[in-house]
Amino acid sequence: MEPLVAIGVPSGDMVHADFAMRLATMCINPGSRCFIANAKSSLVMVGRNIIVGAAQAAKATHLLFLDSDLVFPADTLARLLRHDRDIVGGLYPQRAPPHHPLGVTLQGEHTSVISGLTEMKIMPTGCLLIRLRVFDRLTKPYFNTRVEGEKLVGEDYDFCLRATGAGFSIWCDGDLSRELGHIGQDIFRLA
């Protein structure tokens, strides 16, 4: 049976026009049955949890989070589905200097992008495909921020740590990562 993918877009009241055009282009020929789930909230973790609930209610097989400040190729969903992984996505750079990739290797380092698939410790959730069965092994809320000492752990890093703790592997598509852009005052890309 063909997968049913919820494309989850957590946002505020507005999304970037460049993002909206890329999303529309991808949905013309997504590579699978899909629907868009949007959750407007000033707290991204709340939006992500609402979207997971919508995907579960629709009996989706997968959830592709796409943040509204990213640009991505039209075949993003099809490419990620072809990897047949529980959790797989693309890296993109932090918008503020030093613009390092928002992801951490198994060795605990921020990495430069390499071709193919690389297993990761942490991935950002702005372009992340997750099989819905992953959430069956996690407790709610699935996305949460927390403080460790004086460091804030974002909802995406918290999710990844809990998912790997539940036995899931997290993968980065290095080739897709080179094609993602993080929209700020400029669009930042990995080298």
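State whether one or more residues within region 117-133 are more than 15 Å from the chain's Cα centre (by Cα), more than 19 Å from residue 23 (Cα to Cα) and among the hydrophobic types (A, V, I, L, M, F, W, C). Within region 117-133, one or more residues are more than 15 Å from the chain's Cα centre (by Cα), more than 19 Å from residue 23 (Cα to Cα) and among the hydrophobic types (A, V, I, L, M, F, W, C). Of the residues making up region 45-63, those that are surrounded by fewer than 22 Cβ atoms within 10 Å (Cβ to Cβ) and either closer than 23 Å to residue 152 by Cα or in contact with a helix residue (DSSP H, G or I) (Cβ under 8 Å, 6 or more places away or on another chain) (or both) are 45, 46, 49, 50, 56. From the list 136, 158, the lone residue that is under 30 Å from residue 59 (Cβ atoms), exposed (fewer than 15 other Cβ atoms within 10 Å of the Cβ) and free of Cβ contacts under 8 Å to residues at least 40 places away in the same chain is 136.
Filtering region 9-21 down to residues that are touching a Lys or Arg at 6+ places or on another chain (Cβ under 7 Å) and buried (at least 16 other Cβ atoms within 10 Å of the Cβ), which residue is nearest to residue 185 (Cα to Cα)? Restricting to residues being touching a Lys or Arg at 6+ places or on another chain (Cβ under 7 Å) and buried (at least 16 other Cβ atoms within 10 Å of the Cβ), the top hit is 11. Each residue in region 21-34 was checked for being in contact (Cβ under 8 Å) with a residue 40 or more places away in the chain and assigned to a helix (DSSP H, G or I), and 5 pass. Apart from one condition, residue 114 fits all of (1) surrounded by fewer than 22 Cβ atoms within 10 Å (Cβ to Cβ); (2) within 15 Å of the chain's Cα centre (by Cα); (3) β-branched (Val, Ile, Thr); the exception is (2). Given the structure, is residue 101 more than 19 Å from residue 15 (Cα to Cα), without any contact (Cβ under 8 Å) to a residue 12 or more places away in the chain and not hydrophobic (A, V, I, L, M, F, W, C)? Considered against the rule, which asks whether it is more than 19 Å from residue 15 (Cα to Cα), without any contact (Cβ under 8 Å) to a residue 12 or more places away in the chain and not hydrophobic (A, V, I, L, M, F, W, C), residue 101 comes out as no.
Conditions (1) of a type in the set (Lys, Arg); (2) in contact (Cβ under 8 Å) with a residue 12 or more places away in the chain; (3) touching a strand residue (DSSP E or B) at 6+ places or on another chain (Cβ under 6 Å), marked per residue:
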residue: 12; (1), (2), (3): no, yes, no
residue: 36; (1), (2), (3): no, yes, yes
residue: 47; (1), (2), (3): no, yes, yes
residue: 57; (1), (2), (3): no, no, no
residue: 60; (1), (2), (3): no, yes, yes
residue: 71; (1), (2), (3): no, yes, yes
residue: 75; (1), (2), (3): no, yes, no
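Consider region 71-92 and keep the residues that are touching a Gly at 6+ places or on another chain (Cβ under 9 Å) and surrounded by fewer than 23 Cβ atoms within 10 Å (Cβ to Cβ). The one that is farthest from residue 44 (Cα to Cα) is 82.
None of the figures in this text is laboratory data; all of them are computed from the coordinates on show. What you see is a predicted model; the values in this text were computed from it and never measured. Quick reminder, even Gly has a Cβ in these numbers, built from the backbone with ideal geometry, and neighbours come from all protein chains shown.
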